[in-house]
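Written out below as structure tokens is the structure these notes cover.
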Amino acid sequence: MGLLTEGGYPYASGEGGQWCDQLVRGLPGHDFEICALSRRARQDAGGWCDLPEHVRRVRTAPLWGDPAGAVGRAHRAYGRRERRRFGAYFAGLAEALTATVEPGPEDRKTQAYRFADALNGLADLARDAGGLGSALRSEQALRILEAACRAPGSHPAAYGIRVADLLAVTALLERALRPLSLDWYGTAGDRGLAGVDLCHATSAGPAALPGLLAKRFFGTPFLVTEYEVRLRAYYLNSAASAAGLSLPVRTLLSAFHRQLTAEIYARADIITPGDAQVRRWQERCGADPGRLRTVHPGLDPAPYEAVGERAETGEGPDDGLTVLWAGGKAEPFLWETLAALRQAEPEVRMRVIGEPLPGVQPVGVSYAPAATPCTYATGSVVVLAGSAETFPRPLVEAMLCGRATVSPDSASVREVIGGTGLVVPPRDAGALAAACLELLHDAGRRARLGAAARARALELFTTERHVTDFHGIYLELISRAPAGRDAAAPDPAVPFSRAAESRAPIGLTPRQSSPTWAGRP
């Protein structure tokens, strides 16, 4: 399995690497080859986490710094024919990026085709010439991009582009397209991604580019997983840092990431969102609903087992007065809820997961530094604070502990709790307090909801379920395209390493011989 990551596993300081580690360790029957892109020098310096023995190889490349040191193979200067090829392909890419923001349906198809054709052409050129880094930052690229921005029908925001903007766009495009220039796709002594049976990308960004190329070059099945939509995160981050980039730069980069995401979704064999909110975003970005399979994140239930079992037997601490505030900061909304609770029930206490604000210590409030199973055991009712923009992990932890929950109606909360908790309108302190009091005053209902919540979490949100779902998808994709090993050189140490159809009986005509698989030898 080729696991393709960006800024995450196997780096020790990687983002969201926990589910990758669970997956790799949970499938010892599969060998893994990890292709990891790092986002900063500090991440490279931090090293990797411990890897199991069936991780056969780790390939790394930076998405920062000088492209000459990132490609990993010698890059020679382009000749006249290669410059001509680059000019044609990069012009197609520039035209796709500078088109009007909301074209019609037919124009959208043309734009997507132009973008895909340019991307494929640049990939072929990178493979033939040893890389794209110097070409993407060349004066030729600047002239082509400027001409596309000033051409009739281009986006109005791109028309006013300046030289500094052109330099910024080409530099950022070079980093995003750097995977096209890497030496991961097979050389004389190293098969690279040509030797894997499946490519699994952990986001629909630059990390997925090696999977796109492996599918195109070798017919390798391609799986994309997102627990946070990469395009949505880009939009939010670019909006937060809008002061650092001009309008033409933001316009062109947004067009690039939008079209790259659409191309990745179009080529992936299966796309696995982590919840319904991610799925909705993927569908809006062009993903085919027929190829979407929701695979929820999984938690190890073992640390929560003792607390959950005590809650089911009624042996756990439950005073009917303590509300545990989980998954959010101590903010004004907390104080509004606490005031409403104590006005109706003066004996109610609030326990907040997090650090207290300096100089703020309201009556009836205590703090817990971390969300541990013992912390969840102290709450009669657990509240998921704020609006859950991502998968609500604290909510699942509370469910594994057998606690009754109250949550805002946002993101994937309803999908997670089903009918095992109470849901209130977001940012409504009065409704939140009323729901908490309703459960605090009814011990029987708290117990029933807690038991149902624990059963639901154990069924849907465990590491075992997470790994099992991916294992089934792996086998399904591999079954569609048998391993593309070299039939002329089978491994004598591996039984049945050569497929039966790889050697046709003597005397059969080509029409009678076994069929070949598309895209594979």
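How many of the residues making up region 214-272 are charged (D, E, K, R), closer than 24 Å to residue 166 by Cβ and within 19 Å of the chain's Cα centre (by Cα)?
Looking only at that region, the number is 2.
Within region 389-404, is there a residue that is closer than 22 Å to residue 279 by Cα and of a type in the set (A, V, I, L, M)?
Scanning region 389-404 turns up at least one residue that is closer than 22 Å to residue 279 by Cα and of a type in the set (A, V, I, L, M).
Take residue 117 and tell me if it is over 23 Å from residue 244 (Cα atoms), not in a loop (DSSP other than H, G, I, E, B) and not small (Gly, Ala, Ser).
yes
How many residues does region 202-230 hold that are among the polar types (S, T, N, Q) and open to solvent by 10 Å² or more (accessible area, probe 1.4 Å)?
Count: 2.
If I ask for residues that are over 23 Å from residue 230 (Cα atoms) and either of a type in the set (Asp, Glu) or without any contact (Cβ under 8 Å) to a residue 60 or more places away in the chain (or both), which ones from region 15-32 would you list?
25, 28, 29, 31, 32
Looking only at region 372-401, which residues are open to solvent by 10 Å² or more (accessible area, probe 1.4 Å) and in contact with a Lys or Arg (Cβ under 7 Å, 6 or more places away or on another chain)?
Once the filter is applied, which keeps residues that are open to solvent by 10 Å² or more (accessible area, probe 1.4 Å) and in contact with a Lys or Arg (Cβ under 7 Å, 6 or more places away or on another chain), region 372-401 yields only 378.
Count, please, the residues in region 182-201 that happen to be open to solvent by 40 Å² or more (accessible area, probe 1.4 Å), closer than 25 Å to residue 270 by Cα and touching a helix residue (DSSP H, G or I) at 6+ places or on another chain (Cβ under 8 Å).
0
Take the residues in region 402-445 that are closer than 23 Å to residue 313 by Cα and among the basic types (Lys, Arg); name whichever of them is surrounded by the fewest Cβ atoms within 10 Å (Cβ to Cβ).
Ranking the qualifying residues of region 402-445, first place goes to 445.
The rows are residues; the columns are (1) over 16 Å from the mean Cα position of the chain (by Cα); (2) among the basic types (Lys, Arg); (3) over 16 Å from residue 182 (Cα atoms).
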site	(1), (2), (3)
4	no, no, no
19	no, no, yes
27	yes, no, yes
44	yes, no, yes
48	yes, no, yes
52	yes, no, yes
55	yes, no, yes
61	yes, no, no
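Would you please name the residue that is nearest to residue 361 (Cα to Cα), looking only at residues in region 284-307 that are in contact with a Leu (Cβ under 7 Å, 6 or more places away or on another chain) and modelled with pLDDT of 90 or more?
304
The values are calculated or read from the model by the stated rules, or taken from the named source; none is laboratory data. Keep in mind that what you see is a predicted model, and the values were worked out from it rather than measured. Cβ atoms come from the backbone with ideal geometry, glycine included; neighbour counts cover every protein chain shown. When the accessible area is computed, the model is the full protein with side chains, heavy atoms only, and any ligands, DNA or RNA have been set aside. Shrake-Rupley method; radii C 1.70, N 1.55, O 1.52, S 1.80 Å.
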